[in-house]
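This report refers to the structure that appears directly beneath it.
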Amino acid sequence: MPGTLLLAAAAAVTLLGVGGVLVSGTRVYGRDILWLAGRPVTDQEADVCARYLRRHRTHRVVGGLAGVAFALVVSLRWGGPGLVLGGAPLADPLFGGVAGVVVGALSAETYRLRLPRSAPATASLAPRPALPLRREVVAAWLLVAVSGAVGVVRAVTGGDLTGLQATGLGVVVLALGAATRSAIAHRRRPVLSERALELDGRMRGFASASVARLQVSMGAMTLLWSLWAIRDLTGTLVGFVAGVVSLGGLVVAIRYLRRAAPRPPSTWGATALPQGTA
C-alpha cells in the first residue's frame, strides 16, 4: 500500500511538472529566433524558427520528465528506497533524465530526416557540409568504451553487472544519436530559395551539434555509473581517483546537457548580428 501511494504521488508530481514546464519552458522569444537564424528574418521565417524551437523544447522536456518518472517507478517498484546512486541505472532519476532528454531531442528531429517522396528535391555536385563537433562524438564513444572496460573488470572480479548495464544503455542512446546525425547530413536536399536554404542549414547545424553534445553528456553519465557501481574501494587511492573522475563526469554531463539546449546562451547578444532589413 505505501508503495502504491508513493507511485501515485510520483505520477501526480510528474504530471504537474510536465504541465508547468511545458507552459513556461517552451515559450519562444524574438531573441531566440535571431540566435537560431543568425540574421534578421521575415515573419514567415520567424514562424518557422519559432515552431522548430518550440518543438525541440517540448520534446526535450517531455522526454526528460518521462525518463525521471520511469526511473522513479523502477526505483520504487524494484530498487528499494530510490534516489540512491549505485543501485541500478534504470532506477537513477539523473541517468533517466539525461537519457530522456537525449531521446526527446532525437525525436524532435525525426520530422526533418526525410522529405516525402512526392516533394521536389534538388541534385547538386556540391559537397555536403561536414558535421560539426566530430571530436565531441569521438569523445562520447571513448567515454562509453572506458565505461565498458570498467564494467567488464567489475563483472569479472566482483560479479557486478551494473557497469555493463549502464554501458549497454549508453551504446543504444549514442547509436540513436549517430543515426540521427547521419540522417540530418544525408537527407535529400529540398528545392528552396537562397534565404530558405541558409536558414535550413542553420537549423541542420544546430541539430547535429546539439545531438553531439547530448552524446557527450550521455557518455559521461555512462562512465559515471560504471564508476559509481564500484562500492568496495572506499578509503583506497583507487577509490579516491574514481570519486574525483565521477565528480568530473557529472560536471561534464551537466555542462554539455546545458550547452545542447535549444536556446541562446546568456552571454549571446543580438548586437553581433549583421544589420539589414528582413
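The values are calculated or read from the model by the stated rules, or taken from the named source; none is laboratory data. These figures come from a predicted structure and were not determined experimentally. Positions of Cβ are generated from backbone atoms using ideal geometry, with glycine treated the same way; all protein chains shown enter the neighbour counts. These area figures cover heavy atoms from the full protein model, side chains too; ligands, DNA and RNA do not enter into them. Shrake-Rupley method; radii C 1.70, N 1.55, O 1.52, S 1.80 Å.
Data for the structure
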item: Options Arg255, Arg231: the member that is open to solvent by 70 Å² or more (accessible area, probe 1.4 Å) and either at pLDDT 85 or above or not in a loop (DSSP other than H, G, I, E, B) (or both); result: Arg255
item: Selection status of Val84, modelled with pLDDT under 80 and surrounded by fewer than 23 Cβ atoms within 10 Å (Cβ to Cβ); result: yes
item: Among the residues listed as Gly170, Gly104, the single one being outside any loop (DSSP other than H, G, I, E, B) and modelled with pLDDT under 90; result: Gly104
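To keep it simple, each residue is scored yes or no on (1) modelled with pLDDT under 80; (2) part of a helix (DSSP H, G or I); (3) over 30 Å from Gly201 (Cα atoms).
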residue: Leu7; (1), (2), (3): yes, yes, yes
residue: Thr14; (1), (2), (3): yes, yes, yes
residue: Val28; (1), (2), (3): no, no, no
residue: Arg55; (1), (2), (3): no, yes, no
residue: Arg77; (1), (2), (3): yes, yes, yes
residue: Gly80; (1), (2), (3): yes, no, yes
